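As structure tokens, the structure follows; a few thoughts come after it.
The values are calculated or read from the model by the stated rules, or taken from the named source; none is laboratory data. In this text the structure is predicted, and so the values were computed from the model without any measurement. Cβ placement follows ideal geometry from the backbone for every residue including glycine, while neighbour counts extend to all protein chains displayed. Side chains included, ligands, DNA and RNA excluded: accessible areas come from the protein's heavy atoms. Shrake-Rupley method; radii C 1.70, N 1.55, O 1.52, S 1.80 Å.
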Amino acid sequence: MEAAEFALRIARVTTGRKGILSFEGCMHGKSAATAFLGWPNDLVTFPDFIRLPYVSRAPQEQILSLAEQKLRGREISAVVVEPLQGSSGGHMASSDFFRNLSWMCRKYGSLLIVDEIFTGFHRTGEAFLHQELDFAPDVVLIGKAMGNGFPVSGVVIDSKYSITGAMLPGSTYAGNALACAAVAATLALMKTMDLSACVAEIHRTIETEMAPVMRAGVSIHGRGALWILQLPPTVIDEAVTRIFQEGVVVSVAGPYLRLLPAATISTDNLVHGCAVVREAILASLAS
Ligand SMILES: Cc1ncc(COP(=O)(O)O)c(C=O)c1O
């Protein structure tokens, strides 16, 4: 079972409600239910799920007002959000937006689930993005970096909620000892490093090195060691071919080219990688 599905179950058992509020383009997984949180699906629908636009599609006040309209009915068990859209355009709502959303969830008795599977463990700077944005979720989804390559995810719940048997259906991989050992070793090593400082340096380098691409009109959003460029399909194909030919690895998802350097990358390597990406994009835009 995916972390997000686990969290939805926890929220439903805790609140005794079925409804789920989520946001367009936020990635929470690829199972039928978790994918449906962020995108419509022709093959399967979930009638209790309501998807609202996220910040690239509507003004924040309008989204909050839509959220409050839905929450007021007290049928929503949880609001699920990916604070920075790591699989869409890298868009992120403001601190005020999240504080308001958290306040609304408290007021109407719904849980706020924040998916930090991508952004967590210093990907964007501090250990977790919700700490940088200064708001308190009820549930945080974690994964990716904490296993340092070992596939693992987890659900962290505010201690004010009690865990009951109905929340823990069990799963083939739940509580896997090897995964736990990988996480313990990774976290122990992370604690010995100043990863916030490393990621702040990565942020500065990428902003400087990619400035000519922004000036060429390419949309680029991100933070820390997570940056997403949106490019026309013909440009992206050509640019990515050039980038790979130079031996630099980037992640591509539809129209998005993602820069996701390891927190431990040297500045020289990062400057070189950015130069390859920058020149490939500028050449592909010009051709
Ligand atoms: C924010 C976020 N949540 C959840 C997931 C988990 O998705 P899955 O395990 O289906 O790949 C991902 C994976 O990319 C993700 O980026």
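Under the condition of being over 22 Å from Ile117 (Cα atoms), touching a Leu at 6+ places or on another chain (Cβ under 8 Å) and not hydrophobic (A, V, I, L, M, F, W, C), the residues counted in region 20-77 number 1.
Limited to region 135-153, what total is found for residues that are more than 10 Å from the ligand (Cβ to nearest atom) and part of a loop (DSSP other than H, G, I, E, B)?
At the first step, the residues of region 135-153 found to be more than 10 Å from the ligand (Cβ to nearest atom) are 135-140, 145-150, 152.
Now drop any that are not part of a loop (DSSP other than H, G, I, E, B), which leaves 135-138, 148-150, 152.
So the count comes out to 8.
Of all residues in region 232-259 being in contact with a strand residue (DSSP E or B) (Cβ under 6 Å, 6 or more places away or on another chain) and part of a loop (DSSP other than H, G, I, E, B), which is modelled with the highest pLDDT? Per the criteria, the residue is Val250.
State the number of residues belonging to region 154-173 that are part of a loop (DSSP other than H, G, I, E, B), small (Gly, Ala, Ser) and in contact (Cβ under 8 Å) with a residue 60 or more places away in the chain.
Filtering region 154-173 down to residues part of a loop (DSSP other than H, G, I, E, B) leaves 158-164, 168-173.
The next check asks that each one be small (Gly, Ala, Ser); those that pass are 159, 162, 170-171.
Now restrict to residues that are in contact (Cβ under 8 Å) with a residue 60 or more places away in the chain: 171.
Of the residues in that region, 1 qualify.
Condition check for Trp39 on (1) within 16 Å of the ligand (Cβ to nearest atom); (2) open to solvent by less than 40 Å² (accessible area, probe 1.4 Å); (3) of a type outside the set (Val, Ile, Thr): one failure, at (2).
Residues of region 157-183 being of a type in the set (S, T, N, Q) and open to solvent by less than 80 Å² (accessible area, probe 1.4 Å), which ones? Break it down stepwise before answering.
Going through region 157-183, the residues of a type in the set (S, T, N, Q) turn out to be 159, 162, 164, 171-172, 176.
Thr164, Ser171, Asn176 - these are the residues of region 157-183 that are of a type in the set (S, T, N, Q) and open to solvent by less than 80 Å² (accessible area, probe 1.4 Å).
If a residue must be part of a strand (DSSP E or B) and of a type outside the set (Val, Ile, Thr), how many such residues does region 56-115 contain?
Restricting attention to region 56-115, the residues satisfying the condition of being part of a strand (DSSP E or B) are 76-81, 84, 92, 111-115.
Now drop any that are not of a type outside the set (Val, Ile, Thr), which leaves 77-78, 84, 92, 111-112, 115.
Qualifying residue count for the region: 7.
The residues of region 1-26 that are open to solvent by 40 Å² or more (accessible area, probe 1.4 Å), part of a loop (DSSP other than H, G, I, E, B) and either among the polar types (S, T, N, Q) or within 16 Å of the ligand (Cβ to nearest atom) (or both), listed by number, are Met1, Glu2, Glu24.
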